[in-house]
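Data first, discussion second: the structure below is written as structure tokens.
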2 protein chains.
Amino acid sequence: MTTKPKPRAAPPELSREAVVAAALAWVDAHGLEPFSVRALAKSIGVFPAAIYWYVPSRELLLAEVVAEVLRGFVPEWDGVDWRAYVTALLHNFRAAVRRHPNVAPLIGTQLVSNTSIDFALAERNLAAMAVAGFSGEALVGAHNTLMAALAGFTTQEFAPVPQNAQAWQQAMRRRVAAITAADYPALAANLPSMTNRAFVLRWENGVAAPLDDSFAMFIRVVIAGLEALAPGG
Amino acid sequence: MTTKPKPRAAPPELSREAVVAAALAWVDAHGLEPFSVRALAKSIGVFPAAIYWYVPSRELLLAEVVAEVLRGFVPEWDGVDWRAYVTALLHNFRAAVRRHPNVAPLIGTQLVSNTSIDFALAERNLAAMAVAGFSGEALVGAHNTLMAALAGFTTQEFAPVPQNAQAWQQAMRRRVAAITAADYPALAANLPSMTNRAFVLRWENGVAAPLDDSFAMFIRVVIAGLEALAPGG
DNA sequence: ACCTGAACACCGTTCAAGT
DNA sequence: ACCTGAACACCGTTCAAGT
């Protein structure tokens, strides 16, 4: 695994931010699954226990990594155009995950518990949905709908392909190519436009095969649905 | 951890299905994070290496567990009522996860790579969306939209609360209670209906605090949005 | 065919000890 | 205050050996 001669990067000059940044860089470079505190320590040039001076556990370290990836993604709310807000919200989130796709598996989970900027997210969601015409219980539902929309598309689009990419991709290609009209008539009729471009029928994730058009349509569905349900029109 | 006298359950009588079932039972009982092949082996009354006779790796074992949880959730497609299909699809998925909430963190990821019944899911999605009026590229987008809707709400609703439930819940309660109109006007104005009932503002997940009303509204948004975008009306 | 028993190369985390 | 060095109690997985 380690091929470099280990330059022992100058004086460590550690800090909590530096540890989080190094962890994110490590995951970007090598993936989430093989990440370990020990491997991170080695990449920094320090003993494993040194990490624990700045961070209480592996789990909280990764929570900070997620917070770093998502920092600043919530768009400004201008008090007027809720459609522009929703569009920017979903686009910014996707752009953030796209910059660091290896952390995608953590994000669905961590959205629940990240305690940093999240109140600002809820605040702007409510403000925007209130302008859209929602109030009371429906306002809660509109906020939860936005949160579901946030996570639903992007986390699946960038979900990692199985470990043994080689064999799995081959098998998936074959299975898709072997679809027949007898077994799956609708699939067979739409195979060219679906192959490697639809959830369930693809062997690459959003890094190699982004689903830009589907994502744009997804946003339009969410906005049109909210328009239809908003009491004030 | 182990308090029981270890009854050494009769003759093992192992099989692939039995191993998967035992793994699911273990995760249901003790959670996903502390799950290990060794702990599973102990609960079955067998040496760890015995597991590997039936299953190639921990990762594939967990993929089978997910498949077991989701088995049969795709509703029948009657060829007519696409709104009933979408409603049943989302409800069935949520019901399945609700029965085994501890596996929720795996599902967003595994939806991509589970190779079992998934083609049937895509087939019925396409058939239903075709009846809704979509075709060509928009049909792909409609299918991807359904998949995003599937995962978005439920996986967040049942995402596990942090390990140290005690301290985290306390801290979350306090932070929510401390919200002021000066910092978060919209939140402050809607605090009673949002507290512990909205993503980002809750300290219990869907097991203790299900979001039935919001989920119903989410489904209506998705269906209304698809109606609005469908060419044929 | 199916499982044991032992081993290998790892983990996260704690803690006394150094500076 | 910050890091070393060693240790503890685990992991997933492999493999020869038994039956």
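Across the stretch B:42-140, Cα pairs under 8 Å and at least six residues apart give a relative contact order of 32 percent. Rounded to the nearest 20, the size of the Cβ-charge dipole of chain A about its Cα centre is 1020 debye, with Lys and Arg at +1 and Asp and Glu at -1. Shortest first, B:Val207 label-point distances to identical copies amount to 3.2 nm, with the label point at 7 Å from Cα along Cα→Cβ.
Dividing the mean sequence gap of close Cα pairs (under 8 Å, 6+ apart) by how many residues the stretch A:165-204 holds gives a relative contact order of 42 percent.
Just check chain B against the gyration tensor rule for me: Cα atoms, a ≥ b ≥ c as the square roots of the eigenvalues, rounded for a/c under 1.5, and otherwise prolate or oblate depending on whether a/b exceeds b/c. Since a/c reaches 1.5 but b/c is at least a/b, the shape of chain B is classed as oblate.
Ranked from shortest, the separations from the 7 Å Cα-to-Cβ label point of B:Ala171 to its equivalents in the other copies are 4.1 nm. Report summary: the helix-based calculation at 222 nm, which adds -39500 (n - 2.57) for every DSSP H run with n ≥ 4 and divides by the residues of chain A, gives -19000 deg cm²/dmol. Using θ = phi - 60° in the Karplus curve 6.51 cos²θ - 1.76 cosθ + 1.60, the 3J(HN,Hα) couplings for the stretch A:182-199 round to 5, 7, 9, x, 5, 4, 4, 5, 10, 4, x, 7, 9, 4, 6, 10, 10, 3 Hz; x is entered for Gly and Pro. Inter-chain Cβ neighbour count for B:103-109, averaged per residue, equals 4 (cutoff 10 Å, partner chain atoms only). Have a look at B:Trp82, B:Trp26, B:Trp168 and tell me which one the Gaussian network model of chain B (Cα, springs below 10 Å) gives the largest fluctuation. Result for chain B, Cα springs under 10 Å: B:Trp168 fluctuates most.
Taking a label point 7 Å from Cα toward Cβ, how far is B:His91 from its twins in the other copies, in nm, shortest first? Result, one decimal in nm: 3.7. Across chain A, Cα pairs under 8 Å and at least six residues apart give a relative contact order of 18 percent. Centroid-to-centroid, using Cα positions, the stretch A:139-179 and the stretch A:14-89 are 22 Å apart. Charge tally for A:Ala228 (other residues, Cβ to Cβ under 15 Å; Lys, Arg +1; Asp, Glu -1): +2.
Throughout, read-outs are computed from the coordinates displayed, never taken from laboratory work. Source: prediction; values computed, not measured. Ideal geometry is used to build each Cβ from the backbone, glycine not excepted, and the neighbour counts take in all protein chains shown.
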